[in-house]
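Read the structure below first, then the notes.
The values are calculated or read from the model by the stated rules, or taken from the named source; none is laboratory data. Model, not experiment: these values are computed from the prediction. Quick reminder, even Gly has a Cβ in these numbers, built from the backbone with ideal geometry, and neighbours come from all protein chains shown. Surface accessibility is based on the protein's heavy atoms, side chains included, excluding ligands, DNA and RNA. Shrake-Rupley method; radii C 1.70, N 1.55, O 1.52, S 1.80 Å.
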Amino acid sequence: MMNRTLSENLFNKALELIPGGVNSPVRAFRNVGGNPFFTKRAKGAQLEDVDGNHYIDYIGTWGPAILGHAPLVVTEAVHEAAKKGVSFGTPNPYEITLAQMIVDWVPSVEKVRCVSSGTEATMSCIRLARGYTGRDKIIKFNGCYHGHVDGLLVAAGSGALTHGEPDSAGIPASYAEQTIVLNYNDAEQIKEFFAARGDEVAAIIVEPFPANAGLIFPKPGYLELLRELTERHGAVLIFDEVMTGFRVAKGGVQELVGVTPDLTAMGKVIGGGLPVGAFGGKKEIMDYLAPDGPVYQAGTLSGNPLAMAAGIAQLKAMEKANGYERLEIIGASLEKGMTDALTKEGIAHTFHRVGSMFCLYFGDREIFNVDDVMASQTGQFKKLFWNMLNNGVYIAPSPYETGFISLAHSEEVIERTVEAFELSIKDL
Ligand code: KE4
């Protein structure tokens, strides 16, 4: 059993100073019980905690660490940028370089603005869509998470076609009423909604591959339907690719499936681990943004030179390394190892993977939406989490999160992971 005494001591201190002891709730291990460890350093596929325990990391700081932790190309780029100053509050050349890469890589993006988080990116997309269409209603899908934006922290209401209800305190009902929550992958439901109220809809915002309820894939034709309905009714289609952008392909899900939204929210990988979000899309819509247009949006540290330098270095390294093809090979190897082990143990499972993103569901239910995910939940995940952690592998501390693989996950790392997994599922 690993000793995590120093982490426990730090967590007790953190609880006195920081709500829940964490700066972001998912880090508190509430879905798996127990207390989180504190990381002292990270390199490649490994984390080292303050007690000197080492873990193979399958979270990658929730997506950004696609090259692995502290890749030299990124740390050197940040170091070089920092020597010239850490923030200017004026335009800087890095902003143009990253903007050009995003425009070149992402099919929907003709113009892009950088911000400092994924939440800012989705929040800005929503405001921009409302300003551009002059409409108020936003459609989101049950189980999709778009950051802590007031109007998007809304769960599905009791009915199918209903006004949303806040799933956080502090959100006025008047905000939630502007958000319609539908069921992902339910084509009939959204067709009915648009037939009845399509001209009220400012935008649909969707994680094209929902990755905040595990990892869910669209039924054939579903994303194409969202594209067709929004086009027909003059609504904006927003893909929230904060997680999938630059992760599942250079151009994200929209490149993989050939469906081009009007706006895309981005983040994580494009910051190389530093705080970067971005949103972009059609020039015609983006030009509604201040200072040219009537939709205000701003940020002191937007386009920060260190963060831009980190993102540029990371994207260039992915391109140079043929990173997406390599991640597919690594991902397939991990999937085979895990699913072979589960089959050998006779444990019913569903394994969803796209490139270097994956999620293991227990049970044999097909997963098409968050209801399927909830129905597949068994006590097995919690036990798996702690078994894996004590066998030196850190998987997401929640069955509703996606796993991430990096280019630093070598064959040897994958082999060690599969060995740990085989041990960890013995007593599930
Ligand atoms: P941030 O504001 O946390 O940078 O991004 C919000 C966001 C927006 N859209 C999608 C699809 C996202 O997945 C996220 C944030 N993802 C979570 C992980 N599921 C971040 C981890 C956390 O909340 O600490």
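A few notes on this one:
- Checking each residue in region 186-213 for being aromatic (Phe, Trp, Tyr) and open to solvent by 10 Å² or more (accessible area, probe 1.4 Å) picks out only Phe209.
- Among residues of region 107-124, those that are of a type outside the set (Ser, Thr, Tyr) and within 15 Å of the ligand (Cβ to nearest atom), counted: 6
- In region 274-391, counting only strands (runs of 3 or more DSSP E) that sit wholly within it, the ones holding 1 or more residues that are of a type in the set (Lys, Arg) span 349-354.
- Screening Ser108, Ser124 for residues that are touching a Ser or Thr at 6+ places or on another chain (Cβ under 7 Å), open to solvent by less than 20 Å² (accessible area, probe 1.4 Å) and either farther than 18 Å from Val242 by Cα or modelled with pLDDT of 95 or more (or both) leaves exactly one candidate, Ser108.
- The residue that is nearest to Arg416 (Cα to Cα), counting only those in region 47-68 that are of a type outside the set (D, E, K, R) and either assigned to a helix (DSSP H, G or I) or away from the ligand (no atom under 16 Å from the Cβ) (or both), is Ile56.
- Qualifying residue in region 251-259 (condition: in contact (Cβ under 8 Å) with a residue 12 or more places away in the chain, farther than 25 Å from Cys359 by Cα and within 16 Å of the ligand (Cβ to nearest atom)): no
- Answer from Arg247, Arg227 - the residue that is touching a Ser or Thr at 6+ places or on another chain (Cβ under 8 Å), under 29 Å from Thr350 (Cα atoms) and surrounded by fewer than 24 Cβ atoms within 10 Å (Cβ to Cβ): Arg227
- Looking across region 376-395 at every residue that is at pLDDT 95 or above and open to solvent by less than 30 Å² (accessible area, probe 1.4 Å), the one that is farthest from Gly143 (Cα to Cα) is identified as Gly392.
This table checks each residue for (1) away from the ligand (no atom under 16 Å from the Cβ); (2) outside any strand (DSSP E or B).
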{"residue": "Ile180", "(1), (2)": "yes, no"}
{"residue": "Glu188", "(1), (2)": "yes, yes"}
{"residue": "Glu192", "(1), (2)": "yes, yes"}
{"residue": "Ile205", "(1), (2)": "no, no"}
{"residue": "Phe217", "(1), (2)": "no, yes"}
{"residue": "Met266", "(1), (2)": "no, no"}
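- Any hit, region 323-343, residues being within 16 Å of the ligand (Cβ to nearest atom) and surrounded by 23 or more Cβ atoms within 10 Å (Cβ to Cβ): no
- Selection of first residues in region 77-95 that are open to solvent by 80 Å² or more (accessible area, probe 1.4 Å) and of second residues that are of a type outside the set (A, V, I, L, M), restricted to Cβ pairs under 8 Å at least 6 apart or on distinct chains, gives the following pairs, ordered by first then second residue: Lys84/Pro305; Val86/Asn304; Val86/Pro305; Phe88/Pro305; Pro91/Gly303.
- Considered as a group, the residues in region 137-169 that are farther than 20 Å from Glu192 by Cβ and modelled with pLDDT of 90 or more include one that is most open to solvent (accessible area, probe 1.4 Å), and that residue is His148.
- Residue match in region 86-96 (condition: within 30 Å of Lys40 (Cβ to Cβ), modelled with pLDDT of 95 or more and either out of contact with any Pro (no Cβ under 6 Å at 6 or more places or on another chain) or not aromatic (Phe, Trp, Tyr) (or both)): yes
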